[in-house]
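Colleague: Quick one: the structure is below, and I'll ask about it shortly.
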């Protein structure tokens, strides 16, 4: 039963193959098994590839099954249409398009399985890429907020500088009136005289202005710091909202790109493996000598071809004979006077009837 199933997969004519030797049946059963298991590998590969796209097991299995059946049908068609010829070169020319198709199928099948085999390495490459994308995303978003924050920080520095300048001026006035009281500067009279009182008054007025300036600038600095905090919070929110896009950078194209960054030699050997599996039925048919099945199939096909050619030739002869007979018969009829007289009589009757009908119509019209 299993042998019959694999023979069916090989695309061979089971009726002819039943009358062949056991070895010939085993050969085509092996070819059919290769076709079947290639389709199974195609189903697994496509299901995994689509699972990375849709992230849904049932959808992936459904479309993977369709792809597996398609590959099975293509392989079965490729193997069954290669006919053994008397010369190897003609067989090779016949098989070349099918070998190219097999190479394409091998590439399509091997790539998803390579992604599964090297999944850990691909995940590491994707992690590095995501980290780089996260850092680049933060730097890019920071370009939108850094100038505004820097400008606000400059305002804070300016307000603090105003306080520092006013404080320096106030301290200088303090030193002046203290020096006046000690008699070390100014009038150089020891004691608190009128000049001392005047300088003390200037200092007190500057001190009051300093206190007012500190309060005013402190309120302004608080407001500016609130704006900076809002900008920083907005920046963190934007970074957080954009992070899921980077975290979702795990699709089929991203994994293929990551796979291409790995060393090429292991992937190349996996591709060669699937290429060998995919082309093995074709290579086997090319290298195998013409067997019993091929001879019987060629005999049956030539018999059908001969029969069809004979039928076409007979129909052509029949047509030529019938045409010749018709031409001869009508030529003889054309020469007979009785037929001529009868046709003339009928033509005259027809012309009379047409004239009478025309006359009646004219009379009715009047």
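The values are calculated or read from the model by the stated rules, or taken from the named source; none is laboratory data. Note that the coordinates shown come from a computational prediction; the quantities given were computed from them, not determined experimentally. Positions of Cβ are backbone-derived with ideal geometry, glycine not excepted, and every protein chain shown enters the neighbour counts.
Colleague: Just one of the numbered conditions (1) surrounded by fewer than 18 Cβ atoms within 10 Å (Cβ to Cβ); (2) more than 30 Å from residue 298 (Cβ to Cβ); (3) more than 18 Å from the chain's Cα centre (by Cα) is not true of residue 100; which one?
Modeller: Failing condition for residue 100: (2).
Colleague: List the helices (runs of 4 or more DSSP H) that sit entirely inside the stretch 1-68 and contain at least 1 residues that are at pLDDT 80 or above and closer than 23 Å to residue 107 by Cα.
Modeller: 2-10, 22-54
Colleague: In the stretch 1-40, what residues are in contact (Cβ under 8 Å) with a residue 60 or more places away in the chain and surrounded by fewer than 18 Cβ atoms within 10 Å (Cβ to Cβ)?
Modeller: Within the stretch 1-40, 13, 16, 19, 21, 30, 37 qualify.
Colleague: Right, something else. Can you list the helices (runs of 4 or more DSSP H) lying wholly within the stretch 187-303 that have 2 or more residues being over 30 Å from residue 127 (Cα atoms), in contact with a helix residue (DSSP H, G or I) (Cβ under 9 Å, 6 or more places away or on another chain) and modelled with pLDDT under 80?
Modeller: Hits in the stretch 187-303: 194-247, 264-287.
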